[in-house]
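The block underneath contains the structure these notes are about, expressed in C-alpha cells.
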Amino acid sequence: MLETMGYSVQYASDGSEALEMIRTATARKEPFFAVIMDLTIPGGMGGKEVIKRLRKTEKKLKVFVSSGYSDDPVLAHPSSYGFTDRIGKPFIKNELASLFRRHFGGTAGAGVDR
C-alpha cells in the first residue's frame, strides 16, 4: 500500500532487525520518514519492546503501532507507550493515507516519494 502511495518501503522481520535498520539509516543521514510496527511478533521482539529502545535515540521519529488485538492497552493509548499513533489491522489504503495526512499534512499519501 505504501509503495502505491509513492513511499519507499523497507521490511524487517522483527524488532531487532528494525532497530538496526533505523540506526543504520540515521547514521547514513538518510533517516526514516516513519515506521509502522506490529505490536506482537511471534518469536521476536515486538513493537512494545522496540519503542522503549528506539525512543532513547529517536525521539521525534513518527512511529505507528499496528495490531489486530484491539483490546490491548497500547492501542487504546499509544502515546503513553511512546508511539505517535495507531492503526488497527486489517486496514485499508484510505485509513493508512488518513493516518499519514494527520501526522504529515495534506500531501502525505498523495504520491510523494519519501
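Going down the table (Lys52/Lys93; Lys48/Lys89; Lys29/Lys89; Lys29/Lys62), which pairs top 23 Å between alpha carbons?
Violating the 23 Å limit, Cα to Cα: Lys52/Lys93; Lys29/Lys89.
All C-alpha to C-alpha distances of the range 9-53, sorted into 5 Å bins beginning at zero, yield P(r) values of 5, 23, 34, 24, 10, 4, 0 percent in whole numbers.
Summarising the amide proton neighbourhood of Ala34: residues at separation of 5 or more, or on other chains, whose placed amide H is nearer than 5 Å comprise an empty set. For the pair Arg102 and Ala25 in one chain, pulling the backbone fully straight at 0.36 nm per residue adds 25.3 nm over the alpha carbon distance.
Using the 10 angstrom Cβ neighbour count as an exposure proxy, how do Glu49, Glu20 rank, fewest first?
By the 10 Å Cβ count, ascending: Glu20, Glu49.
In loop segments of the range 58-109 as defined by DSSP, the chymotrypsin sites (Phe, Trp or Tyr not before Pro) with at most 11 further C-beta atoms inside 10 Å of their C-beta are Tyr69. Within the listed set Pro78, Pro90, Pro31, the Gaussian network model of the chain (springs between alpha-carbon atoms below 10 Å) gives the highest mean-square fluctuation for Pro90. A Gaussian network model of the chain, with springs between Cα atoms under 10 Å, assigns the largest mean-square fluctuation among Gly82, Gly15, Gly44 to Gly44.
Rounded to the nearest 20 debye, the dipole magnitude of the range 3-102 is 520 debye, with +1 charges on Lys and Arg beta carbons, -1 on Asp and Glu beta carbons, and the Cα centre as origin. Each principal axis of the Cα cloud of the chain was evaluated for its coordinate range; sorted largest first, these ranges are 36, 34, 23 Å. The trypsin sites (Lys or Arg not before Pro) of the range 31-66 meeting both criteria, a DSSP state outside H, G, I, E and B (loop) and at most 15 other C-beta atoms within 10 angstrom of the site's C-beta, are Arg55, Lys56, Lys59, Lys60.
Quick note: the coordinates plus some simple rules give every number you see, no bench work behind them. Since we're looking at a predicted model, the values are computed, not measured. Ideal geometry is used to build each Cβ from the backbone, glycine not excepted, and the neighbour counts take in all protein chains shown.
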